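All remarks here apply to the structure that follows.
Where a number appears in this text, it was derived from the coordinates with a stated rule and is not lab data. Computed from a predicted structure; not experimentally measured. Reconstructed Cβ throughout: ideal geometry from the backbone, glycine too, with neighbour counts over all protein chains shown.
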Amino acid sequence: MLFMLFNLSYADLLIGEDTLHVEVAETFYEKEKGLMFRTHLAPDSGMLFVFERPQTLSFWMKNTLIPLDIVFLDSAFVVVDIKHGMPLDTTSIISSLPCMYALETNINYFKKHHVKKGDTIKIIK
């Protein structure tokens, strides 16, 4: 049912008491490109990657110029992992469990907002 909410190209997520504005990457091309080649990401923004079924997710930072938090979420939007990606690093960043979503933000966003493994992120729009 949550997957149906992503017919939009943007969504708002509730992170603690703050709103995070995200671009939603659903298509193969959108997920493949992600945040590559960008030189700036607004402090309250990010990208949400949506997958059709739970699976082990793997990301890398090839052609990504800004350091990122990469948060892996299960089908109920519960935080499974909070990992970091450094610019241009081609090392795989892999979820520890099957997930349906990945959320990228500026590095340390989740630390600043006191989000930890096991917390739930809510969709508000």
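Observations
- Each Cα pair of segment 1-82 feeds into the Kirkwood radius, which the Stokes-Einstein equation turns, at 10 °C and 1.306 mPa s, into a diffusion coefficient of 116 µm²/s.
- Loop-resident chymotrypsin sites (Phe, Trp or Tyr not before Pro) (DSSP state other than H, G, I, E or B) in segment 33-125 with no more than 10 further Cβ atoms inside 10 Å of their Cβ: 37.
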